[in-house]
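Computed from the coordinates by the stated procedures, all read-outs in this text should not be read as laboratory data. What you are looking at is a predicted structure, and each value in this text was computed from that prediction instead of being measured. Quick reminder, even Gly has a Cβ in these numbers, built from the backbone with ideal geometry, and neighbours come from all protein chains shown.
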Amino acid sequence: KQEVTQIPAALSVPEGENLVLNCSFTDSAIYNLQWFRQDPGKGLTSLLLIQSSQREQTSGRLNASLDKSSGRSTLYIAASQPGDSATYLCAVRNQGGKLIFGQGTELSVKP
Amino acid sequence: EPEVTQTPSHQVTQMGQEVILRCVPISNHLYFYWYRQILGQKVEFLVSFYNNEISEKSEIFDDQFSVERPDGSNFTLKIRSTKLEDSAMYFCASSENWGTEAFFGQGTRLTVV
């Protein structure tokens, strides 16, 4: 059974820092992986989708990497801003099509 | 920009009552999903729907749950007889094709009292 784990559970950084969020999954037979942002009490905003055949995907200050064989993905945020404060969720899509989520990393960027 | 919309944003219901949660997926999307998030827990898959049929469902999605696409735009989740443990945020999502990027709505917070 696929399990997705995200570490750390919470992270607080000063504005301007570069940071890395980690996601690991137990079954490497994934179709793709999607990173989301969730603001308190709100929905999920898609940030990046990375296919199982890809190693990296970039969008603005965000860069996601994927190492399928080791069951890991990272989300790199460059030059963090207070507006980046949110919970970041990693989800893997299995061969059946459903997304399996991690528990998220709660990020706080202090001005 | 196209988005998934959900109504209502909040619903309070008494235990044993039926509720219908509504969603309008993005118009050219073919795959529709319901997920839920119990407070403090992971987002978990409930059901996927394609071509007017359930394509996959989780163990949570028992006989108390049903989904429907009653017309060309709406996608609904019905809970027939709500239980306290059904209290959660329910998210609708859609994707253009199988395995492509999923877009989520803002959620409906369901509180069963």
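Applied to region B:84-99, the Karplus parametrisation 6.51 cos²θ - 1.76 cosθ + 1.60 on θ = phi - 60° returns per-residue 3J(HN,Hα) values of 4, 6, 7, 4, 5, 8, 9, 10, 9, 9, 9, 9, 5, 9, 4, x Hz, with x for Gly and Pro. Across q = 0.12, 0.22 Å⁻¹, chain B modelled as identical point scatterers on its alpha-carbon atoms has Debye log10 I(q)/I(0) values of -0.37, -1.28, in the order of the q list. Volume per residue of the convex hull around the Cα atoms, evaluated for the protein assembly as shown, comes out as 121 Å³. Simple spin-label estimate for A:Leu19 and A:Arg55 gives 2.7 nm between the two label positions (7 Å along the Cα-to-Cβ direction from each Cα). Reducing region A:1-66 and region B:64-113 to their Cα centroids gives an inter-centroid distance of 24 Å. Site-free segments of chain A were taken between trypsin sites (Lys or Arg not before Pro) in DSSP loops having at most 12 other Cβ atoms within 10 Å, sites themselves excluded; the longest one is A:56-111. Checking the cross-link pairs B:Lys57/B:Lys78; A:Lys42/B:Lys42; A:Lys98/B:Lys42; B:Lys42/B:Lys78; A:Lys1/B:Lys83 against a 20 Å limit on the alpha carbon distance flags B:Lys42/B:Lys78; A:Lys1/B:Lys83 as lying beyond it. Any chance you could run the full-extension gain for B:Val113 through B:Glu101? It's 0.36 nm times the residue separation minus the Cα-Cα distance, nm to one decimal. Length difference between fully extended and current span is 0.8 nm.
Over chain A, the ratio between the Cα radius of gyration and 2.2 N^0.38 Å evaluates to 1.01.
Computed about the Cα centre, the dipole magnitude for chain B is approximately 320 debye when only Lys and Arg (+1) and Asp and Glu (-1) carry charge, each at its Cβ. Other residues whose C-beta falls under 11 angstrom from the C-beta of B:Lys42 contribute a net charge of -1, scoring Lys and Arg +1 and Asp and Glu -1.
Neighbouring Cβ atoms from other chains, within 10 Å of the Cβ of residues in A:75-87, number 0 on average. Note on B:44-50: average number of Cβ atoms from other chains within 10 Å of each residue's Cβ is 3. Rounded to the nearest 20, the size of the Cβ-charge dipole of the protein assembly as shown about its Cα centre is 140 debye, with Lys and Arg at +1 and Asp and Glu at -1.
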